[in-house]
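Asks: Quick one: the structure is below, questions incoming.
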Amino acid sequence: MMPTAVHRLGDFAPVLDLLDARERRRASALAEYAAELFDLAREADAAADLAGRREVGKAIERWFKDLERHWPPPQEAVGLPGAQLRLAACHRERPFVREALARLVSAALDRALTPRFESPQAARAAAERLGGALAEAQLGEPVSEALVGFTGALVRLSLLQNLGAHLAAGRWPLPTSELPTPGPRPDLRAPVRAVRNECRELRRQLLGVAPALVDLPAGYDKACTFLLLAALRLLSELEEADSDFLDRPPRLGRWTVRKLLWRAKRRGLGAVG
């Protein structure tokens with residue numbers, strides 16, 4: 001596993017152990033590429049106006065065009081940054097669906113131009129666009145509505161889990177209807193209420209994926225089972241947390257990870273419930 005990908009995936013990184021070597025490389029490269037795209041998108045937050053944000057958007061588009069020039073296998077990718085280089089190498093092993101990667105870039109453009117959403121529905125839709133693009137890019141085939149909802153819930157859960165770090169950096173992942181931009185002395189009860197409100201919807205989305213797991217390619221049923229178990233554990237901790245989670249976000253301990261991996265490997269769908 002590439003350390004950068006493991007860092008990017010956080011508590012969900014152990015899912016890589018449930019994939020075969022080729023798919024593990026693919027998932028690692030995709031996670032690293034997507035994370036760097038969104039790092040670039042967040043640079044737009046320093047822009048003084050919409051024109052500045054659009055300049056960041058153009059840089060995102062150039063990044064993708066640079067990658068596309070190295071798409072046709074077996075052409076060797078040279079002169080690309082590390083994340084793009086690894087993605088191009090995985091593309092030569094098993095081609096990515098271009099449309100899925102284009103939607104991933106589109107999601108990054110949305111982030112650059114729209115740092116906050118007005119409603120939970122808009123935030124959920126954006127997360128589902130990103131999650132659906134990642135799932136289709138990884139699997140190499142269209143994904144079900146349930147899987148789109150599931151991956152979108154994982155995206156939102158990761159944002160909520162690390163909400164304290166985002167707020168400290170001046171980013172506001174929660175919609176304005178749930179958490180207006182606070183003043184110099186913010187009420188820490190407001191993000192706690194907003195997180196608990198969103199957790200209820202996330203639980204519904206997560207559990208909705210169970211019937212779709214049986215239709216996943218070989219090996220991915222166990223991987224998604226682990227993601228579901230890990231997400232539900234983190235979700236429960238977020239639902240019970242007070243404002244201290246902003247400084248000490250919930251994490252999966254080593255023993256918990258080992259237990260969840262065992263359940264995903266041995267029991268499959270029976271592990272959920």
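The values are calculated or read from the model by the stated rules, or taken from the named source; none is laboratory data. The model shown is predicted, which means the values in this text are computed figures rather than measured ones. Note that each Cβ is placed from the backbone with ideal geometry, even for glycine, and that neighbours are counted across all protein chains shown.
Asks: Look at the stretch 107-135 and say how many of its residues are closer than 25 Å to TRP63 by Cβ, not aliphatic (A, V, I, L, M) and not in a loop (DSSP other than H, G, I, E, B).
Replies: Going through the stretch 107-135 one residue at a time, the tally reaches 6.
Asks: OK, next. Would you say ARG248 is modelled with pLDDT under 85, loosely packed, with under 14 Cβ neighbours inside 10 Å and farther than 20 Å from LEU18 by Cα?
Replies: no
Asks: For the stretch 93-109, which positions are surrounded by fewer than 16 Cβ atoms within 10 Å (Cβ to Cβ) and either touching a Pro at 6+ places or on another chain (Cβ under 9 Å) or at pLDDT below 85 (or both)?
Replies: Residues satisfying the conditions are GLU93, PRO95.
Asks: Let me ask another. Counting residues that are among the acidic types (Asp, Glu) and touching a residue at least 24 places away in the same chain (Cβ under 8 Å), which helices (runs of 4 or more DSSP H) fully inside the stretch 136-235 reach at least 3? Outline the logic, then answer.
Replies: Values: elements: 145-161, 163-168, 189-207.
Result: empty, no element qualifies.
Asks: How many of the residues in the stretch 192-217 are in contact with a Ser or Thr (Cβ under 7 Å, 6 or more places away or on another chain) and under 21 Å from HIS166 (Cβ atoms)?
Replies: Qualifying residue count, the stretch 192-217: 1.
Asks: Here is a further query. Somewhere in the stretch 127-135, is a residue surrounded by fewer than 17 Cβ atoms within 10 Å (Cβ to Cβ), out of contact with any strand residue (DSSP E or B) (no Cβ under 6 Å at 6 or more places or on another chain) and not basic (Lys, Arg)?
Replies: So far as the stretch 127-135 goes, no, none of its residues is surrounded by fewer than 17 Cβ atoms within 10 Å (Cβ to Cβ), out of contact with any strand residue (DSSP E or B) (no Cβ under 6 Å at 6 or more places or on another chain) and not basic (Lys, Arg).
Asks: Let me ask something else. Any chance the stretch 101-121 includes a residue that's free of Cβ contacts under 8 Å to residues at least 24 places away in the same chain, within 22 Å of ARG24 (Cα to Cα) and hydrophobic (A, V, I, L, M, F, W, C)?
Replies: Looking through the stretch 101-121, none of the residues is free of Cβ contacts under 8 Å to residues at least 24 places away in the same chain, within 22 Å of ARG24 (Cα to Cα) and hydrophobic (A, V, I, L, M, F, W, C).
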